[in-house]
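The structure under discussion appears below in the form of structure tokens.
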Amino acid sequence: MKSELLIEQVTGREILDSRGNPTVEAEVRLKGGAVGRAAVPSGASTGEFEALELRDGDPGRYGGKGVRKAVENLEGPLAAALRGKCAAELWAVDEAMQAADGTQDKSNLGANAILAASLASARAAACAYGMPFYRFLGGAAADTLPVPMMNILNGGAHAANTVDVQEFMVMPVGASSFSEGLRWCAEVFHALQTLLRQKGLAAGVGDEGGFAPDLAGDEHAIELILQAVERAGYEPERDFVLALDAAASEWKSGRAGEYRLPKSGAAFTSAQLVGHWTRLCEAYPVRSLEDGLDEEDWQGWQQLTAALGGRVQLVGDDLFVTNSARLLQGIKEGCANSILIKLNQIGTLTETIEAVRLAQRAGYTAIASHRSGETPDTTIADLAVALGTGQIKTGAPSRGERVAKYNRLLRIEQELGAAARWPGRGAFGWGRG
């Protein structure tokens, strides 16, 4: 069997993501004939410490965003490093590519090229074994469907409106299954659309499929969503809780510990911003807050965690960038209690798995996540089930590249049948529900 798992050919191509920008797709063919394919996403709101996405910089093609060089690297030095390797030996595959690149941030050959090959190799191995990808990665323990953290209203870098908070999300914690929770979310999404139109507000959508109206601020957005929850026949707190992604690293003022919101112009110190989030979480059923402070405001994160960490999920995205070293620093310094997991932030499947396992051992939750520039690739759906993250962020139910992940989870739920587990409110972990 092992000879059939040896990597024989690596093919790359430049494809388009959901924003019409180029990205990398890879196909890996094994000696036994199995083929795996994977496409990588791209973020709009990116952390300073993410692995480097290689772009061509040629203004004559795609405004400089082409990925021909990354594809060349995929079919050249990366293919050479992988040829003859056993695709099922995930750590050996990823280590060979990291050695070929020779940098910490994968800036030589490109994290987009490396990740595409990493995922395609693993998918080829799963194909060779005749296993669903979640079962290949997670084994017999892969049985937990994630609670959707569905982005239904957009602001920040994801929308050209007046709202500074990047994402307002609903979580159907009171549902009894994934499929029921997904239905609840879709019903709230449509109720919000109707409500916005009745109020004469824009009902167009942002990058991740959520609506992007001009609003007076955070509380206006939250109140509209709670009205939509009730209109759809559900009860806030009992059936749905809310999650926010502030993306506060976008609010740097240039001085440490100071913030200026680019749209409203409001200014905060770290302490004032902690106070703002505390008041919001006390006034509304906000149970998860992502990137409430800047990625380098470690002292502010300690204050935020001390204030809210016992009752609110505090998620590090830009803070941790799926990087085990940064996560370990956060654990040691008492910063946050959750990590957002984005494969392309770190650039290989195995480093992603390591970050999730480190978080889980430390009592942090882990949330599988898409990016604002997505493809129909459904890897994160399988990853969420394989690693038992219990939560997933993959946008609104209104764009095909987002819905693809939800539909994949519906298929997994059906495959698992009575063995499928649904964490509901327990997805937040002890003391944070």
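The values are calculated or read from the model by the stated rules, or taken from the named source; none is laboratory data. The structure displayed is predicted, hence computed values, not measured ones. We place every Cβ from the backbone using ideal geometry, glycine too, and count neighbours over all the protein chains shown. For the accessible areas, the whole protein counts, side chains as well, though only heavy atoms, and no ligand, DNA or RNA atoms are used. Shrake-Rupley method; radii C 1.70, N 1.55, O 1.52, S 1.80 Å.
Considering only protein heavy atoms, what is the solvent-accessible area of residue 276 at a probe of 1.4 Å, reported in Å² to the nearest 10?
40
With +1 assigned to the C-beta of every Lys and Arg and -1 to the C-beta of every Asp and Glu, and no other charges, what is the dipole magnitude of the range 274-433 about the Cα centre in debye, to the nearest 20?
With Lys and Arg at +1 and Asp and Glu at -1, about 600 debye.
Can you pull the one-decimal nm distance between simple spin-label points at residue 16 and residue 276, each 7 Å off the Cα toward Cβ?
The modelled label-to-label distance comes out at 3.7 nm.
For an R0 of 60 angstrom, estimate the FRET efficiency from the Cβ-Cβ distance between residue 80 and residue 216 and round to the nearest 0.05. Before the final figure, lay out each step's value.
On the way: r = 57 Å, r/R0 = 0.95.
Approximately 0.60, to the nearest 0.05.
Taking 0.36 nm per residue of separation and subtracting the Cα-Cα distance, what length does fully extending residue 419 through residue 162 add?
88.0 nm
Residues of the range 162-191 with the amide nitrogen closer than 14 Å to a label point 7 Å from the Cα of residue 227, along Cα-to-Cβ, please.
Within reach of a label on residue 227: 191.
Leaving ligands, DNA and RNA out of it, work out the accessible area of residue 86 with a 1.4 Å probe and give it in Å² to the nearest 10.
That residue has around 10 Å² of solvent-accessible surface.
Once a ≥ b ≥ c are taken as the square roots of the eigenvalues of the Cα gyration tensor of the range 179-229, is the result rounded (a/c under 1.5), prolate (a/b larger than b/c) or oblate (a/b not larger than b/c)?
Verdict is prolate for the range 179-229.
Apply the Karplus curve 6.51 cos²θ - 1.76 cosθ + 1.60, θ = phi - 60°, to the phi angles in the range 53-61 and return the couplings in whole Hz, x for Gly and Pro.
7, 7, 10, 6, x, 8, x, x, 10
Using a 1.4 angstrom probe on heavy atoms only, work out the carbon and sulfur share of the accessible area of the chain in %. Don't skip to the end; give the middle numbers.
Working: 7460 of 15440 Å².
Roughly 48 percent, rounded to a whole number.
Hey, what's the chain come to in accessible area per residue, 1.4 Å probe, Å²?
Details: 15440 Å² over 433 residues.
Spelled out: the 1.4 Å probe surface of the chain, per residue, equals 36 Å².
Taking the Cα-to-Cβ direction at residue 105 and at residue 198 and moving 7 Å from each Cα, how far apart do the two end points lie in nm?
Label-label distance for residue 105 and residue 198, simple model: 4.9 nm.
Per DSSP H run of at least 4 residues, take -39500 (n - 2.57); add these up for the chain, divide by its residues and hand me the 222 nm value, nearest 500 deg cm²/dmol.
The per-residue figure over the chain is -11500 deg cm²/dmol.
Relative to the first principal axis of the alpha-carbon coordinates of the chain, what is the inclination of helix 270-283, with its axis defined by its Cα atoms, in degrees from 0 to 90 and to the nearest 10?
70
List the trypsin sites (Lys or Arg not before Pro) within the range 354-433 that DSSP assigns to loop and that have no more than 13 neighbouring Cβ atoms inside 10 Å.
Working: sites: 357, 361, 371, 393, 399, 402, 405, 408, 411, 421, 425, 432; in loops: 371, 399, 432.
Listed in order of number, the matching sites amount to none.
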